[in-house]
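These notes concern the structure reproduced below.
The values are calculated or read from the model by the stated rules, or taken from the named source; none is laboratory data. This is a predicted model, so every value here is computed, not measured. Here the Cβ positions follow ideal geometry from the backbone for every residue, glycine too, while neighbour counts run over all protein chains shown. For accessibility, only protein heavy atoms count, side chains too; no ligands or nucleic acids. Shrake-Rupley method; radii C 1.70, N 1.55, O 1.52, S 1.80 Å.
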Amino acid sequence: MGVRPIEGRMTAEAEGEVTVFLIGMRVNRFRALRSWWPVFTAMPRMLRELSRDAESGLLAHQVLVGPPRMLYVVQYWSSHEKLLEYAAAQDAEHRPAWAAFNRRMREGKGKVGFWHETYVVPTGAHEAIYYNMPAFGLAKATGVVPVGRRGERAADRLSL
């Protein structure tokens, strides 16, 4: 059963600052399962932990498959402070996963690649449109409203 699209032109209800965190991995050697499988399985545990905690700051996430051998997650956070707080939390899934990952990276000799990027997007510096789509991306994180409510044109929705 799929998610039903919302008919028409919609936009994200997002108001205020938003933090976008992109994180991914690249399998450099498929046969090196012991190097990349633990990296692959760590992220779902962290996402489950964050999704269960309404105060975590994680608003929504989307898992994506990129070019061959690439997996990544787009995450929307209420603030960069919440993201950094989770990353440093001694009692959360991230710390042990990060320590194990670093050990594997040193021992793995390039068998798995890793990357992340963080963007703190100020109020008015983001704009989105979704046409006949289910809630997706920023709209999944903050809510969906008709385009007219935030401006008919992209330039109207951006207040730079």
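Observations on the model:
- Once the Cα atoms are used to define both axes, helix 94-108 deviates from the longest principal axis of the chain by about 50 degrees.
- Once the convex hull of all Cα atoms in the range 100-160 is built, its volume per residue stands at 155 Å³.
- For the range 15-88: accessible area per residue (Å², 1.4 Å): 59 Å²
- Rounded percent of accessible protein surface that carbon and sulfur make up, the range 1-82, 1.4 Å probe: 57 percent
- The alpha-carbon atoms of the range 38-98 define a convex hull whose volume equals 85 cubic angstrom per residue.
- Taking a Cβ cut-off of under 14 Å around residue 21, the surrounding Lys, Arg, Asp and Glu residues balance to a net charge of -3, with basic ones at +1 and acidic ones at -1.
- Cα-based shape type of the range 1-110, given that a ≥ b ≥ c are square roots of the gyration tensor eigenvalues and the cut on a/c is 1.5: oblate
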